[in-house]
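The values are calculated or read from the model by the stated rules, or taken from the named source; none is laboratory data. It should be emphasised that the depicted structure is a prediction, and the values quoted were computed from it without experimental measurement. Because the Cβ atoms are built from the backbone with ideal geometry, glycine has one as well, and the counts that use them run over all protein chains shown.
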Amino acid sequence: MGEIVNLNRARKAKAKAEREVQAAENRVKFGRTKEEKKKSRAEEQAAARHLDGHKLEE
């Protein structure tokens, strides 16, 4: 016989885990210095230009 699971506790535990993951992502995304943000933005723009340069014209 399987283990009895309280669905309310399982739902709340899942929600808590999702909030923790979101908090970790936010710490990485927003917990950076101005120079790190500037460098990251420049790298993203360079990658976008690189991809745009390789698109085939129709």
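A residue that is of a type in the set (Asp, Glu), loosely packed, with under 10 Cβ neighbours inside 10 Å and not in a helix (DSSP H, G or I) occurs nowhere in segment 45-54.
Do we have residue 32 as surrounded by 10 or more Cβ atoms within 10 Å (Cβ to Cβ) and charged (D, E, K, R) here? Yes, satisfied.
Please tell me if residue 29 is basic (Lys, Arg) and at pLDDT 95 or above. Steps first, please.
Details: basic (Lys, Arg): yes; at pLDDT 95 or above: no.
For residue 29, the condition - basic (Lys, Arg) and at pLDDT 95 or above - is not met.
A single entry from 37, 12 fulfils the requirement of being surrounded by 10 or more Cβ atoms within 10 Å (Cβ to Cβ), within 19 Å of the chain's Cα centre (by Cα) and part of a helix (DSSP H, G or I): 37.
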